1. Provide the per-residue ³J(HN,Hα) series for the range 332-340, in order, calculated from phi with Karplus coefficients 6.51, -1.76, 1.60 and θ = phi - 60°, each as a whole number of Hz, with x at glycine and proline positions.
2. Note down the nm distance, to one decimal, between modelled labels 7 Å out along Cα→Cβ at Lys418 and at Asn336.
3. Which cross-chain or sequence-distant (5 or more) residues have an amide H under 5 Å from the amide H of Gly224, H modelled 1.01 Å from N in plane?
4. Please state the charge dipole magnitude for the range 61-208, taken about the Cα centre, from unit charges on C-beta atoms (+1 on K and R, -1 on D and E), reported in debye and rounded to the nearest 20.
5. Step through the residues of the range 394-407 one at a time and calculate ³J(HN,Hα) from phi using the Karplus curve (6.51 cos²θ - 1.76 cosθ + 1.60, θ = phi - 60°), rounding each to whole Hz and writing x for Gly and Pro.
6. Please go through the residue pairs Lys22/Lys137; Lys129/Lys176; Lys176/Lys215; Lys293/Lys366 and name each one whose alpha carbons sit more than 22 Å apart in this structure.
7. Around Leu316, with a cut-off of 10 angstrom between Cβ atoms, what is the net charge of the other residues, counting Lys and Arg +1 and Asp and Glu -1?
8. Starting from the Cα gyration tensor of the range 249-316, take the square roots of the eigenvalues, sort them a ≥ b ≥ c, and report rounded, prolate or oblate (rounded when a/c is under 1.5, otherwise prolate if a/b is larger than b/c, else oblate).
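Please treat every number below as a calculation from the coordinates, not as lab data. Not measured: the values here are computed from a predicted model. For neighbour counting, all protein chains shown are included, and Cβ atoms are generated from backbone atoms with ideal geometry for every residue, glycine included.
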Amino acid sequence: MESFLVNGAKTLVGNVNISGAKNAAVAIIPAALLSDTPCILENIPNIKDVQIQLEILQNIGAKVTKLDENTIQIDPSNISCSTISYEAAKKIRASYYFLGALLGRFNHASIAMPGGCNLGARPIDQHIKGFEALGAKVELEHGMVQAHAEKLVGGNLYFDVVSVGATINVMLAAVKAQGTTVLENAAKEPHVVDVANFLNSLGADIFGAGTDIIKIKGVKHLSGRQYSIIPDQIEAGTFMLCAMVTHGNITIKNVTPKHLFAITEKIKNCGAIVTEFDDAVRVQMPNRPISTKIKTMPYPGFPTDMQPQIVAMLSLASGTSIVTEGVWENRFKYVNELSRLGAKLQVNDRTVIVEGVESLNAAPVKATDLRAGAALLIAALAAKGATEIEDIYHIERGYDNVVDKLKKLGADIVKINK
Ligand code: EPZ
């Protein structure tokens, strides 16, 4: 079993390079199977979730060639299978993107219900509603989702909830459908825009990604191009908070500052000094953070994927903060673990009340999911003494080379194998 051992309370100073966005990469990899010819993807993060998506792609017949550390070539021309097994799908939520992509390519797809972080109910009714609007018949049988269409025809669709996954999945299915599809109440996250930009670079005709109405004119063929994945806003935000809890000074490079706006504004309210450059942000934190009120929302609101991490930071703030989860029904499983380090947290339905403490103290803790793990890492970097974080496979699903990146900033962290 692998753990991180973190000897905390060290000031983090220096530069860190942010990797490609996990949630863009895990969608663009399946999207590549819609192309008739090979694609080259740059800025691919070296993380478990990406490896799993690539394995699924290879299992159905694509050829994946690693060109360098962060660049891959995907040749989808020999894919013949449109079924994704339970063994593959259970490992990762984003396996559901193969449903839209395979349906778009073969008019047929069959995939086991996807796995992923346990954040409460994770329905896929909006994905199904979207495929049905394109003329597909979707059935759930023996844990498999089966989608089939004689032919896909563009349709109009209003999403009942703003869903990143459903917006991307229906876009994948619609890109080669006959006629025009209009998606209303679409998600506006940077990774939704990145998938649309990738598909447009292959010859798709998608207009309006990044707004809540997306129009997709179906095209017959897509052909491979070279495309670079956007930087990971959540990895960047996590390092911003590492600077805050260690009274550090970190320049976070290879980012799109605009994508970080909600995080930047919020941490400025909490006392951080943030300097923006073209593709970097510097976070300095000379004083103790100040408490605040936050509600997570779909983009451009404060991201739910930063909620556990910002609670870790606020647990050290002066005053009491109130953090409300506005996206997921149960994203507070990390609270008990964070409390072991001395954080004073009280959960009430979808809100956590954070009574700031002067300092945190080391204790053995366990990551319960990806961002829960990131929150524990932030807390451990601030805590006095040596904290052991177990179940770090959750953290490695989404953070590329996190130990080396933190070490370069002056953290005392090692990965141990017991
Ligand atoms: C994506 O999940 C991300 N995952 C999540 O990041 C992120 O938390 C989430 O978007 C919200 O930003 C990937 O991109 C791989 P949703 P997704 O569909 O697409 C409800 C991380 O830590 N809903 O936008 O699965 C749903 O229950 C991960 O990196 C329906 O009701 O999330 C939730 O309340 C965790 N019906 C809300 O919508 C549906 O059909 C938003 O979910 C779909 C969703």
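1. 10, 5, 7, 4, 4, 5, 5, 5, 4
2. Here the answer is 1.8 nm between the modelled labels.
3. Here the answer is Asp36, Thr37, since their amide H atoms fall under 5 Å of that of Gly224.
4. That gives a dipole near 180 debye.
5. 4, 5, 6, 5, x, 10, 7, 6, 5, 5, 5, 4, 5, 4
6. Values: Lys22/Lys137 30 Å; Lys129/Lys176 18 Å; Lys176/Lys215 13 Å; Lys293/Lys366 27 Å.
In this structure, Lys22/Lys137; Lys293/Lys366 lie more than 22 Å apart at Cα.
7. That works out to 0.
8. On the way: a/c = 2.01, a/b = 1.11, b/c = 1.80.
In terms of gyration-tensor shape, oblate.
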